[in-house]
Amino acid sequence: MKHLSLLLTILTACASGVDTVGGAISAASPEATGAGIEMLLAGGNAVDAAVAVAFALGVTEPAMSGLGAGIQMLVYRPEREPLVINGTSFAPSATPRDTAGVGPITGHRLTTIPTSVRTLEFAWREFGSGKIAWADLLAPAIRYAESGFVVGTFRAKVWARHQRDLAESPSARPLFLHQDGSPPTEGELWQQPVLARTLRRIAEGGAAEFYQGGIAREIAADMAAQGGWITFDDLSSLPEPPVQEALHSTYRSYDIFTVAPPASGWVVQQILNLLELSPPESLAPESAERTNRLVEALTIGHTSRRANPIRDMIQYAPEVTERTDKATAVRLMEEFRAAAAGTGDPETETGRGETTHFSVVDGSGMAVAVTTSINAYFGARVVTPSLGFLYNDYMREFQLDDPEHPFALRPGGMPSSSMSATVLAQDGQAVLAVGSPGSARIISAVSQVIQRWVDGGHDIVGSVAAPRLHVVPPFALYVEDPDLASSAGPGFESLGYRVSHPADDLTLRGLNAYFGGVHAVAREGDRWVGAADPRRDGLARRP
């Protein structure tokens, strides 16, 4: 009855935003938010709560993350240097350098080595409170897998969109669709007993069970049988995630901390530097001037990321420093404005990439921003039948035709990532934790929410709910609200932009999930306020 009461409380709480004291959580499913709240109420810290949220999301939002995922965790501790736990995934050791003659990269071959379980255990062990047992962190996820969770509106839409993809997968169909091949529908209780058994094994045996134990052997055997490239050695030799300094820059009077390459936090920093060239009053919400400046900054930032990527994923500091220097922003803006009107076709933007993001803060002011992903919706759409979780399809994020590219396909290579988990601070205290899913739209969404919150009056709920833009280089402009484009000066078509609207089948509450799913917590006055993106099924809540 205790668990039922908690679930009912979660499901009836306000999903758009909650004023809090003593901490807050915002995540993409109400069940996951509830899992984190349980840990805070039990005396855990923000890292403990984040681990529980991540496992619960893998159950209750299976299209976006899970045991087969990669992950990035940004941890901000008051008066201490922020750090990043870099859980990027890696291409298996058997990955061919030359794909000619190896056949299509599909199914199990799409999967890079999952890192989420090892990263979460490492975070709990090194930065958790020491008050919450490992098995207790997984207990909510196990409960939701065994007893079920209620499928929300957005999750039902995603399931319906990808019903055919799942139905065509012999391994995924029995676990993620009904016997007749139909998807779960809104309001349905969805249970995953196979996944529950796997989670129990991890709760009992820790990450060692996943990487060196029976689960690892089952993964390796299935990969071998299905032509995948992950081996037992790949899993058993996976190192603990590196702990890195967070990238640092400033916007107005705020310190900006974000995740390092291969993630894309540096692009968010560069876009904010470009926006900082305009005075705050010119970036007022819904103003034509703000729209124009956003389009400029997003065009430059996304172009910079594609044309001038970070080339060294290990010793990246010199490259990041140059790209996020304030003088670089001035030069890039001058060059952009001096150029002729836009020409050329935009690069491909499939909208394929998906992810989940959540933000946590505890009563001490420790803030954790976490992005975790199996890449596309439902990842590679393949499963080891005895384990019940979806594998990622991060092999799609490598370059196949340029061996010198920093993201060229190679054994041990790190796939390109748009993850941009970010924390803002003032005077040594976190004031905002934010991030989003959505492939390259992550960068656009995070940049716009930060700018609007800082310059627009510190309203995180309004900043998250506001309509957004996205630019695909060189000159494709996607708008969520047509008025944003039509009200901005002479019209973007005259400047060479092709104004477009994405597919609307994942629209919720009049807003389109194409433009991300930001989950944030912010300090506003003397209160913590949480915001769950109304484009998704999420919930923001206090302990």
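For the range 386-425, the set of residues classified as closer than 14 Å to LEU67 by Cα and in a loop (DSSP other than H, G, I, E, B) consists of SER386, LEU387, GLY388, PHE389, ASN392, ASP393, listed by residue number.
Residues in the range 212-238 that are touching a Phe, Trp or Tyr at 6+ places or on another chain (Cβ under 9 Å), in contact (Cβ under 8 Å) with a residue 24 or more places away in the chain and in a helix (DSSP H, G or I): ILE219, MET223, ASP234, LEU235, SER236. Is there a residue being under 20 Å from ALA421 (Cα atoms), in contact with a helix residue (DSSP H, G or I) (Cβ under 9 Å, 6 or more places away or on another chain), acidic (Asp, Glu) and touching a residue at least 40 places away in the same chain (Cβ under 8 Å) anywhere in the range 504-523? Taking every residue of the range 504-523 in turn, none turns out to be under 20 Å from ALA421 (Cα atoms), in contact with a helix residue (DSSP H, G or I) (Cβ under 9 Å, 6 or more places away or on another chain), acidic (Asp, Glu) and touching a residue at least 40 places away in the same chain (Cβ under 8 Å).
Kindly indicate the residue of the range 372-392 that is among the small types (Gly, Ala, Ser) and over 21 Å from the mean Cα position of the chain (by Cα) and also surrounded by the fewest Cβ atoms within 10 Å (Cβ to Cβ) among those meeting that condition.
Result: SER386.
Which residue is nearest to GLY517 (Cα to Cα), if the candidates are limited to the range 432-461 and must be of a type in the set (D, E, K, R) and surrounded by fewer than 24 Cβ atoms within 10 Å (Cβ to Cβ)?
Step by step, filter the range 432-461, then rank; the result is ASP459.
Any residue at all in the range 487-499 that's farther than 23 Å from ALA339 by Cα and in the same structural domain as PRO261 (by TED's automatic domain parsing)? Looking for residues that are farther than 23 Å from ALA339 by Cα and in the same structural domain as PRO261 (by TED's automatic domain parsing), one finds at least one in the range 487-499, hence yes.
When the helices (runs of 4 or more DSSP H) confined to the range 1-110 are screened for residues that are modelled with pLDDT of 95 or more, outside the structural domain of LEU508 (by TED's automatic domain parsing) and under 25 Å from THR422 (Cα atoms), those reaching at least 2 such residues are found at 30-41, 46-60.
Restrict the check to the range 474-489 and report whether at least one residue is surrounded by fewer than 23 Cβ atoms within 10 Å (Cβ to Cβ), polar (S, T, N, Q) and in a strand (DSSP E or B). So far as the range 474-489 goes, no, none of its residues is surrounded by fewer than 23 Cβ atoms within 10 Å (Cβ to Cβ), polar (S, T, N, Q) and in a strand (DSSP E or B). Looking only at the range 168-179, count every residue that is within 24 Å of LEU506 (Cα to Cα) and either in contact with a strand residue (DSSP E or B) (Cβ under 9 Å, 6 or more places away or on another chain) or of a type in the set (D, E, K, R) (or both) and tell me the total. Looking only at that region, the number is 6. Take the conditions within 30 Å of SER364 (Cβ to Cβ) and surrounded by 17 or more Cβ atoms within 10 Å (Cβ to Cβ) and apply them to PHE127. Does it pass? Criteria met by PHE127. Condition first: part of a helix (DSSP H, G or I) and crowded, with 18+ Cβ neighbours inside 10 Å. Now tell me which residues in the range 140-160 satisfy that. PRO140, ALA141, ILE142, ARG143, TYR144, ALA145, PHE154, ARG155, ALA156, LYS157, VAL158, TRP159 - these are the residues of the range 140-160 that are part of a helix (DSSP H, G or I) and crowded, with 18+ Cβ neighbours inside 10 Å. Could you please find all residues in the range 436-461 being of a type outside the set (A, V, I, L, M, F, W, C), touching a strand residue (DSSP E or B) at 6+ places or on another chain (Cβ under 6 Å) and at negative phi? Within the range 436-461, SER436, PRO437, ARG441, SER444 meet the criteria.
The values are calculated or read from the model by the stated rules, or taken from the named source; none is laboratory data. What you are looking at is a predicted structure, and each value in this text was computed from that prediction instead of being measured. All Cβ positions, glycine included, derive from the backbone under ideal geometry; neighbour counts span all protein chains shown.
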